[in-house]
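One structure below.
What follows draws every value from the coordinates through simple rules; no lab data is involved. Worth saying up front: this structure is predicted, and the values here are computed from it rather than measured. Virtual Cβ from ideal backbone geometry, glycine too; neighbours counted across all protein chains shown.
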Amino acid sequence: MDLDPDACRRAFVTRDPRFDGRIFCGVKTTGIYCRPICPARTPKAENVVYFPSAAAAQEAGFRPCLRCRPEASPDLGAWRGTSNTVSRALSLIEGGALDQGDVDALAERLGVGERQLRRLFRQHLGASPVAVAQTRRVLLAKQLIQETRLPMTEVALASGFGSVRRFNETFQQLFGRAPGALRRSRQPAESAAGAGVTVRLAYRAPYDWDGVIGFLAARAIPGVEAVASDRYARTLAVDGARGLVVVRRGDGDWLEAEIRFPRLEALPAVIARVRRVFDLAADPALIGGHLAQDPVLAPWIAARPGLRAPGAWDGFELAVRAILGQQITVAAARNLAARLTGAYGACVDDPAAVELGLTRLFPTPEQLAGQDIAALGMPRSRGAALEALARKVLADPAVFTPRADLDSAIAALSALPGVGEWTAQYIALRELREPDAFPHGDVALMRALADADGQRPDAQDLLARAEAWRPWRAYAAQHLWAADAAQQHQIAPKRSRKHDRRAA
């Protein structure tokens, strides 16, 4: 990736927050790399080199700055929208794809050659896939050291290091000191066994917290999720470990995630899911600037400049909920999901979860396979589709992982029982995090674009119009859904008053 030294220099001299997470500066005289917002004195131009990612800086031999803390920067990249292969690969790496597998296996899952994947990473991130994975691990460990009081043994496990020895060696080599020397607080360490670990997860401002919370609240399953204006909480299972996640808005440009899991090894996967659900890697200025070129979308984007496209906690859960929601309202689908969870979901006995009204986990494929799901009150064909979906996922657990491109993902998803074009696009949007996924057959999207006479575009007209929104059609869909929800909210009181007059 080519970085203009003069432009980078201006960003660091002015400490421009717009470039935070986009570029990093390595200082040759100190061996340290920093963010553009670092409060330290700006070094001389001849003493610096610029990198497109933290991984590139670390691979070049620089160590993270202890003042500006690169691990706390937003996870952004100028490559977004230009290399979806890199985006998909990063999603898999964040989910642990390189913890157990290698680059060859990662490339195969993405439908590209190993050499091509390495070339793309060099081009867009300036580092190899392995270096990116290692950097994520080190920066998470550093964040846990400085933001929690976990013992170092637990930090090593929670950040994905295979052993404490490897953890200590890595920090000694990178920072020239033991991990414990990086801890600012000298308070006694405490285990996370009884209490949650709270971490800050940065995003690029602005962030439409109310929009994200409203979207999640409308779909929250009673007993599994609890949503308030200032908090989102839910039960979650990761690799057999059951726990609780509570996400709140932070005092700055970050969210605070409290994570309670008995196995600390699950922490990186849980953090990856929180980042995915709350869409923390989005660049609202880049996306909004592109979509605002459409004069119809422009006012909605101005009204919600930080709107995100919320992701999903689990692919199977999302697919089940999407199938349940076919041809019925969001509220009706939520009620069906609550019945399904009450009938088949495992019980939760964590006192902190129970206090929030969270008593169940969403059912797993194992729990739904072989069940008469239609008995819960839905068409028999839909119940059969859900049971068949459970069996399919049991046979191929990787069915909800990113594919080589959007078209191949839609084709693979459409082959699942009960999944048509709309459902496949919806799963691609929320679970696979495809920024160009677009469920063009959605009634609410067409309704949002109705003209003054109430005439709506049909699905094909909407699809044709959306060509101008590529590669961010998923975000255009989110703006249309938000606009439609606002319109329906305005209409509802009028309907209620009309009903009252008729009743009188």
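Quick rundown of the values:
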{"quantity": "Rounded to whole Hz, the Karplus (6.51, -1.76, 1.60) HN-Hα couplings of the stretch 261-270, x for glycine and proline", "calculated": "9, x, 10, 5, 4, 7, 4, x, 5, 5"}
{"quantity": "Global form of the stretch 240-363, assessed from the alpha-carbon gyration tensor, a/c cut-off 1.5", "calculated": "oblate"}
{"quantity": "Per-residue ³J(HN,Hα) for the stretch 242-249, Karplus 6.51 cos²θ - 1.76 cosθ + 1.60, θ = phi - 60°, Hz, x for Gly and Pro", "calculated": "9, x, 10, 10, 10, 10, 10, 6"}
{"quantity": "Shape category assigned to the stretch 307-434 from the gyration tensor of Cα positions, a/c cut at 1.5", "calculated": "prolate"}
{"quantity": "Point-to-point label distance, Ala468-Lys28, nm (Cα→Cβ direction, 7 Å offset)", "calculated": "4.9"}
{"quantity": "Cβ-Cβ FRET estimate between Arg9 and Asp294, R0 fixed at 25 Å, reported to 0.05", "calculated": "0.10"}
{"quantity": "No Cys partner within the rule (Cβ under 4.7 Å), the chain", "calculated": "Cys8, Cys25, Cys347"}
{"quantity": "The stretch 218-313: radius of gyration and largest Cα-Cα distance (Dmax), Å", "calculated": "15.9, 51"}
{"quantity": "Packing-based exposure ordering (other Cβ within 10 Å, fewest first) of Tyr344, Tyr475, Tyr50", "calculated": "Tyr344, Tyr50, Tyr475"}
{"quantity": "Per-residue [θ]222 nm for the chain (sum of -39500 (n - 2.57) over DSSP H runs n ≥ 4, rounded to 500)", "calculated": "-14000 deg cm²/dmol"}
{"quantity": "Whole-Hz ³J(HN,Hα) from phi, Karplus 6.51 cos²θ - 1.76 cosθ + 1.60, for the stretch 117-128, glycine and proline x", "calculated": "5, 4, 5, 5, 5, 5, 5, 9, 10, x, 8, 7"}
